[in-house]
1. Tyr75 accessible area, nearest 10 Å², 1.4 Å probe?
2. Run the 1.4 Å probe and let me know the accessible area of Val94, rounded to the nearest 10 Å².
3. Accessible surface of Ile150 in the full protein assembly, 1.4 angstrom probe, to the nearest 10 Å²?
4. Got a sec? What order do Arg59, Arg100 fall in by accessible area at 1.4 Å, biggest, i.e. largest, first?
5. Ordering Lys18, Lys95 by how much accessible area each has at a 1.4 Å probe, largest first, what is the list?
6. Using a 1.4 angstrom probe with every protein chain in place, what is the largest-first accessible-area order of Met117, Met46?
7. Could you give the DSSP H helices of the chain that reach 18 angstrom or more along their long axis (alpha carbon positions) and whose average Kyte-Doolittle hydropathy is no lower than -1.0?
8. So how much slack lies between Ser40 and Asn73, counting 0.36 nm per residue of separation and subtracting their Cα-Cα distance, in nm?
Amino acid sequence: MPKNIAIFASGTGSNAKKIIEYLNQNARITVSLIVSNNPSAKVLGMAKGKGIPTLLVTRKKLYENEDILKIFNEYSIDYVVLAGFLWLVPMCLVKAYENRMVNIHPALLPKFGGKGMYGMNVHKAVKEAGEKESGMTIHYVNEQYDDGSIVFQKSCTLTDDDTPQSIADKVLSLEHRYFPIIINKLVSIS
Ligand code: GRF
């Protein structure tokens, strides 16, 4: 039986796209559901174009009851990936997918994480702090932002010439390169 992944994404979905394309080579793992809270997120159009079911959630739908868990059970979801999802994941999912749910963060945690640390906020803070390196972190998800144990990190060197945008570009290219590979490994051994 192939393992089924759900990806939460609410932005461009460039990581989700890379993961889907990478996993196309692995018949044992299928991206079976894309969950988003943003009706105009690009990721939804991309998923539809690839024939992957999508689920649009509201805060009410996510936190008021445990329907999301029922939906995940209907899709037989084995593993959950957060790739650009800014809301906290409901407790019912955190518990049900303990050690089977990872997030990607665009900095070297534990630095530059926590509430409000997303997108360009992260890269501006890295620049302002005069960091000599940044990078990406993949970590397990718990009930707090960017707090679960770290699974994998990859760093890139920064120079004085780097801007928040160039830092963002460097980090995103690391994400695209390593996130699909790590997901493939984690899901395979889960
Ligand atoms: C990535 O930088 C990731 O680290 C963060 O959100 C961004 C998502 O980018 N959690 P994309 O939508 O995959 O392009």
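The values are calculated or read from the model by the stated rules, or taken from the named source; none is laboratory data. Fair warning: this is a prediction, and the values are worked out from it, not measured in the lab. Ideal geometry is used to build each Cβ from the backbone, glycine not excepted, and the neighbour counts take in all protein chains shown. Ligands, DNA and RNA are stripped out before the accessible areas are found, and what is left, the full protein with its side chains, is counted by its heavy atoms. Shrake-Rupley method; radii C 1.70, N 1.55, O 1.52, S 1.80 Å.
1. 80 Å²
2. Approximately 10 Å² for this residue.
3. We get 80 Å² for Ile150.
4. Reading off the accessible areas and sorting them downward yields Arg59, Arg100.
5. Sorted descending by solvent-accessible area, the residues read Lys95, Lys18.
6. Met117, Met46
7. For the chain, where a helix must reach 18 Å along its axis and average at least -1.0, the hits are 164-189.
8. Value of the extension gain: 9.3 nm.
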